[in-house]
1. Test B:H67 against the criterion of being of a type outside the set (A, V, I, L, M, F, W, C), more than 27 Å from B:Q389 (Cα to Cα), surrounded by 20 or more Cβ atoms within 10 Å (Cβ to Cβ) and within 11 Å of another protein chain (Cβ to nearest Cβ), and give yes or no.
2. Please verify whether the range B:68-84 includes one or more residues that are free of Cβ contacts under 8 Å to residues at least 40 places away in the same chain, polar (S, T, N, Q) and part of a helix (DSSP H, G or I).
3. Anything in the range A:34-59 that is in a loop (DSSP other than H, G, I, E, B) and either touching a Pro at 6+ places or on another chain (Cβ under 9 Å) or facing another protein chain (nearest Cβ under 10 Å) (or both)? List them, or say none.
4. Mind counting the residues in the range B:2-16 that are polar (S, T, N, Q) and within 16 Å of A:L112 (Cβ to Cβ)?
5. What number of residues within the range A:1-18 are over 19 Å from B:I50 (Cα atoms) and of a type outside the set (S, T, Y)?
6. Name the residue, out of B:R421, B:R449, B:R507, that is more than 30 Å from A:R58 (Cβ to Cβ) and under 30 Å from the mean Cα position of the chain (by Cα).
7. One residue is enough: does the range B:400-408 have a residue meeting the conditions more than 30 Å from B:L368 (Cβ to Cβ) and touching a residue at least 24 places away in the same chain (Cβ under 8 Å)?
8. From the residues in the range A:83-121 that are farther than 16 Å from A:T21 by Cβ and of a type in the set (D, E), which one is farthest from the other protein chains (Cβ to nearest Cβ)?
Amino acid sequence: MAKTVLTVDDSASIRQMVAFTLKSAGYEVTDAVDGMDGLGKAKTKTFDLVLTDQNMPRMDGLTLVKSLRALAQYKTVPILMLTTESSDTMKTQGRAAGATGWLVKPFDPQKLIEVVKKVIG
Amino acid sequence: MSIDMSQFYQVFFEETSEHLASMESLLLGLDLGEPDAEQLNAIFRAAHSIKGSAGTFGFTDLAEVTHILENLLDRIRKGELAPTEAMIDAFLAAGDVLKDLLAAHRGEGEAAPGAVAAICARLSELTTDSASTTPVAVAATGSPAIAPVSAAGYDISFMLADAAQDGAAAIANLQAELGALGTLCLIASPGAADPAWHLRLTGAADTADTASLREIVEYVATTDSIRIAAIGSSAVADEAYGLFDQDDNNAEAADDSFGLFEPLPEAAAPTAADDAFGLFEPLPEAAATAIADDSFGLFEPLPAATTAAAPAPEVIVERRVAVQERVDRRQPAANAKGGADTSIRVGVERVDQLINLVGELVITQAMLAQAVADIDPVKHERLMHGMGQLERNTRDLQESVMSIRMMPISVVFGRFPRLVRDLSQKLGKQVELKTVGESTELDKGLIERISDPLNHLVRNSLDHGVEMPEARVKAGKPATGTITLKAYQQSGNVVIEVGDDGAGLNRSRILAKASERGLPVSDGMSDQEVWLLIFEPGFSTAESVTEVSGRGVGMDVVKRNITAMGGRVEIESVTGVGTRMTVRLPLTLAILDGMSVAVGAETYIIPLGYVIESLQPSRDMIKSISGVERLIHVRGEYLPVVALYEVFNIPGTVTELDRGILVVIEADGVKAALFVDALVGQHQVVIKNLEANYRRVPGISGATIMGSGHVALILDVAALAGMARNALPAAA
């Protein structure tokens, strides 16, 4: 069965690009427009991987990661943060929130697939 | 596989023009004297989003301008720079340049040559100008990674070519050559995890560029392994992503060396995860040390799922607070000159009527959106455009109307100084009360209802948290304890913290008390889980019942009240250092994030805050009691099943558990599974009072009107969870 990925980003173009890229690599993709939406969708089913942006209205990526980690079914699901900064602060915060890793924007589709493959195969 | 990025351009163009338009109107609406933190955040987000997408889709000119813009905005929103008229002008001009660039990319006109360079220079000037006048800002942003453009520095990584595998000599040559161009430092030499060399060249002469550097490196390295990028562009391959899977010992080294990938698979394997990363079971010692190191340690946020102590989130909070405090200081002045003629008094019912009407408008807009969803957007471009505009306007209107009901939390905070003074005298304690962020606003209805729970929390801190002066001195703390009340907005929530620097919660005493009360406990429980026990009904560890708070009623009521408001409460505590209770509330009572589910022909809304997960059960998860399928076995727990079709008497539904969906909910510490036919979707709904329009119905807390025009009932999850418990005499 195809692995499922939840991708959370407030930018429609990034969402489309990520979804298209991952779908073409054989993943099943659901997208969400902000952290709140993402959290809700994550509760409708348990995904194999969550990719989230950091800066979003209503609920940001770090809060989403923390909220997901508080749910039993998401304790061990890998979560990657897509972010435009790879600063140490961001890494510390991401790690503390419980994220599995990060991927810096801008990225190209190949890089995205490569990273996702490394994480969930 | 190669992916044609141009297929996403159209969406990118639309989204970017939307961002630019909203950025412009926000900039124009910004009050320089008293900039609104939320507004600044929104402007920053617009620039940030444009930058992220533009970079991804290869529009480097857009990315370049927004990068500088974003840096300035970031510093403004963090309170490091005060916005000036000149900045706003420059930002608006930058917006114009971006619009031109965008038009050029769309093939609708041309951008003036040199415009990008000119605006970048103008923005950079603002950065340096303000940096020289505000020394604090320099200190805070002095690192090269944040500096706007540092073209003179390059990160270089490569792997030695086989031919040059005699190693040391080749590297020495290379270092000499690159060293001649500027200052070269070795970031990381090859290791088992990463066979590449990482060098950093700084202070390079103007003649050095990526291409010329590449030529030099190519002598010794395999061509396709070479990565050269200007510092700060984050384009060096190995820094572009990473995983937090290093153990804490080498964490520091890993951060410095470009966040390299460690072999990963264990991350995904549930069984190995705890050992591999220790992310999920907070280690009390680790947390305690980290906190002791940090001067703000008391308020270290430690979410349940984390072990790594995180000073960083706190930094954000402090900065937000800093902005808030500035606003606070300005408030009296503004009030003084504003006075009576800038405000009018209106009856609450008139405001509520306005809110109601806007609610109706939101519903109408949703209906229209649904009606045109299937129309070909190309043929009806103008209609679609109008619909988009209507949606934005409706949303803005709704937000402004909602803001009328907003009141500053100082209304509630204002009563605590007296309470603290009186109670501390009664208890013989010395306590100082600090309040931060009093001008944080929340809905009038919430203000009224949060008052009692906060009262309880403050009393609790006074009574159980802060120690007697002698005990404090003995523990090496100042005799006077501090209770801090803090309020701020965070991503759509209002957060209120009640913190004290007292004794902290006592893990073993709570556990002992809990088992005495017959609550299910084990020594393996995480601290977070232990702390939550104090919210259980009838729980109190106070040795003697005091007049102030020790009757053991209270904390469970606090939690119930807060949950009823759609909020959450969290506890962080470190023995000997203090306790912090964090209450998160939605900004308003009138709108709710819900999950819509179908039962027969009916649609119900489950407030999202209560939902834990949804699943389609398999036969072996279902357990029967006296021949009736009443329990479900999920993640090691047996949960009672509440079949909504039974509760609400709905014919024609799915009745076999394994053919429908179970939505696991938690309310008042009780978990249950609601049985429904199917999940429909997720919506923000406008809450309509059912009692006012009809009558009270058990299990229903309100109603809403869906995009289709149908009425959907909002479930009273707490009541349903109660029903689940009562329906299960055998299991109780």
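The values are calculated or read from the model by the stated rules, or taken from the named source; none is laboratory data. If you're wondering where the values come from, they're calculated on a predicted model, not measured in any experiment. Heads up, the Cβs are rebuilt from the backbone with ideal geometry, glycines too, and the neighbour counts pull from every protein chain shown.
1. Numbers: of a type outside the set (A, V, I, L, M, F, W, C): yes; more than 27 Å from B:Q389 (Cα to Cα): yes; surrounded by 20 or more Cβ atoms within 10 Å (Cβ to Cβ): yes; within 11 Å of another protein chain (Cβ to nearest Cβ): yes.
Here the answer is yes, as B:H67 does meet what is asked.
2. Within the range B:68-84, none of the residues are free of Cβ contacts under 8 Å to residues at least 40 places away in the same chain, polar (S, T, N, Q) and part of a helix (DSSP H, G or I).
3. Pass one, the range A:34-59, residues in a loop (DSSP other than H, G, I, E, B): A:34, A:45-48, A:54-59.
Matches in the range A:34-59: A:D34, A:K45, A:T46, A:D48, A:Q54, A:N55, A:M56, A:P57, A:R58, A:M59.
4. We begin by selecting, within the range B:2-16, every residue polar (S, T, N, Q); these are B:2, B:6-7, B:10, B:16.
With the extra rule that they be within 16 Å of A:L112 (Cβ to Cβ), the set shrinks to B:2, B:7.
Residues meeting the conditions: 2.
5. Our first condition is that a residue be over 19 Å from B:I50 (Cα atoms); within the range A:1-18, this holds for A:1-6.
Now restrict to residues that are of a type outside the set (S, T, Y): A:1-3, A:5-6.
Of the residues in the range A:1-18, 5 are over 19 Å from B:I50 (Cα atoms) and of a type outside the set (S, T, Y).
6. Working: B:R421 fails: under 30 Å from the mean Cα position of the chain (by Cα); B:R449 fails: more than 30 Å from A:R58 (Cβ to Cβ).
When all the criteria are applied, what remains is B:R507.
7. At the first step, the residues of the range B:400-408 found to be more than 30 Å from B:L368 (Cβ to Cβ) are B:407-408.
Right, trim to touching a residue at least 24 places away in the same chain (Cβ under 8 Å) and you get B:407-408.
Checking the range B:400-408: at least one residue is more than 30 Å from B:L368 (Cβ to Cβ) and touching a residue at least 24 places away in the same chain (Cβ under 8 Å).
8. A:E85
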